[in-house]
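Take a look at the structure set out below.
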Amino acid sequence: MVKILLFSPNPNEFKRVGVYENNKVIDLVKAYELLYDAKPPNWFYDTKDLIEGGDGAMLMIKTILDNLRGNEDKVSYDPEKIFYYPPITNPEKIFLLAVNYKAHGKETNNEPPKEPYIFTKFSNALIGHNQPILYPKASNKVDYEVELAVIIGKKGKYIRKERVSDYVFGYTVFNDISYRDKQFPSEMPYGMRWVHGKGMDTGAPMGPWIVTKDEIPNPYELRLTLRVNGEVRQDAYAEDMIFKIDEIIEYLSNGITLKPGDVISTGTPPGVGLASGKFLKAGDVIEAEISKIGVLRNYLVKEE
């Protein structure tokens, strides 16, 4: 139905939910005030609250957009002149998959896992579109990974594959920034060091918005591309996923309750710096793009 984002006109103003449409960002708080001369519901100040509002919240957005026709410019902003937050700033859980693309497994000399191999990040890592990624003092091998992320739409546990679509709210772009000199070498029998190897501050750019699932009936047709300073480093289709979204969600929900706003990033295609030796450096501009969703742009800034 819509592309939903969390933004503010500038960093000094409060966060609010917007809709990206026709190359403009419609401010739902201002739209509600304009149409109804009343205080907007909490749904329009936090994306997770909006998702928890279910079908009623989404119906309200549709009604507002319908009633606003012809007056959009009164409550809209230029998408290049706003401050973007991650579409979800406070997910309870952020799950990611290791080696979930066949070609990525080959380039890193890893056999596909027998079942989804999951690791996590924390909210300290989340940043939005056009925000800086820190090149940390703690690492000299900073890497990128463009990924398709699934946003959970309702609470569920022990979800069967055939019911998974009922629990998906939408999709967004995720860049799994990785710190290879911290992630490796593995230490037997404990494995890789996932916390510092994946979880440093600003290491999870996400956005610029969430596209609701009705706009993407087949996510495996999506094209994932990542560019560094305009040079294409990754370019592949989601159909190369080893474990598809229904399998991933069935697997994760086996004993774990998934909740609205939870993020599941589904793995990366080939072309990462770990394989090519082309790691990121301060000053780089990274554009992670997924067809039908958009471009997530971030830039690296040396940590002082």
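The values are calculated or read from the model by the stated rules, or taken from the named source; none is laboratory data. Bear in mind that the values here come from a model prediction, so they are computed numbers and not experimental data. Cβ placement follows ideal geometry from the backbone for every residue including glycine, while neighbour counts extend to all protein chains displayed. Areas reflect the complete protein model, heavy atoms only, side chains present, ligands, DNA and RNA absent. Shrake-Rupley method; radii C 1.70, N 1.55, O 1.52, S 1.80 Å.
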**Message:** Ignoring everything except DSSP H segments at least 4 long, calculate the 222 nm mean residue ellipticity for the chain; use -39,500 (n - 2.57) per segment, divide by total residues, nearest 500.
**Reply:** -4500 deg cm²/dmol
**Message:** If you average the C-alpha positions of region 18-71 and of region 212-228 separately, how far apart do those two centres end up, in angstrom?
**Reply:** 25 Å
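Using a Förster distance of 51 Å, how high is the FRET efficiency between Y36 and W194, based on the Cβ-Cβ distance and rounded to 0.05?
With R0 = 51 Å, the Cβ-Cβ based efficiency is 0.60.
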**Message:** Between D37, D214, D143, where does the largest GNM mean-square fluctuation fall for the chain, given springs only between Cα atoms within less than 10 Å?
**Reply:** D37
**Asked** Compactness ratio of region 178-262: Cα Rg over 2.2 N^0.38 Å, N = residue count?
**Response** 1.38
**Request:** Give the accessible surface of the chain per residue, rounded to a whole number of Å², with probe radius 1.4 Å and ligands, DNA and RNA excluded.
**Result:** 45 Å²
**Item:** Listed residues A125, A38, A236, most fluctuating in the chain (Gaussian network, C-alpha, under 10 Å)
**Value:** A38
**Asked** Quick one: with all protein chains in place, what share of the accessible area of region 85-300 is carbon or sulfur, to the nearest percent (1.4 Å probe)?
**Response** 51 percent
**Item:** Prolate/oblate/rounded label for region 1-81 (Cα gyration tensor, a/c 1.5)
**Value:** rounded
**Prompt:** If the chain between A138 and D66 were fully stretched, how many nm would it gain, using 0.36 nm times the residue separation less the Cα-Cα distance?
**Reply:** 20.9 nm
**Item:** Spherically averaged projected area of the chain from its Cα convex hull (nm²)
**Value:** 15.6 nm²
**Prompt:** At a Förster distance of 22 Å, what's the computed FRET efficiency of Y45 paired with N124, Cβ-Cβ distance as r, to 0.05?
**Reply:** 0.50
**Modelled FRET efficiency - R0 22 Å, T108 with K292, Cβ distances, 0.05 increments** = 0.20
**Computed over region 1-83: relative contact order in percent, which uses C-alpha pairs under 8 Å that are six or more apart** = 34 percent
**K157 paired with D201, simple spin-label distance in nm, labels 7 Å along Cα-to-beta-carbon** = 3.6 nm
**Asked** Which angle between 0 and 90 degrees, to the nearest 10, do you get for helix 54-68 versus the longest principal axis of the chain when only C-alpha atoms count?
**Response** 50 degrees
**Message:** In whole Hz and in residue order, list the ³J(HN,Hα) couplings for region 146-163 that follow from phi through the Karplus curve 6.51 cos²θ - 1.76 cosθ + 1.60, θ = phi - 60°; x for Gly and Pro.
**Reply:** 6, 9, 8, 10, 9, 9, 6, x, 8, 5, x, 8, 6, 7, 6, 3, 6, 9
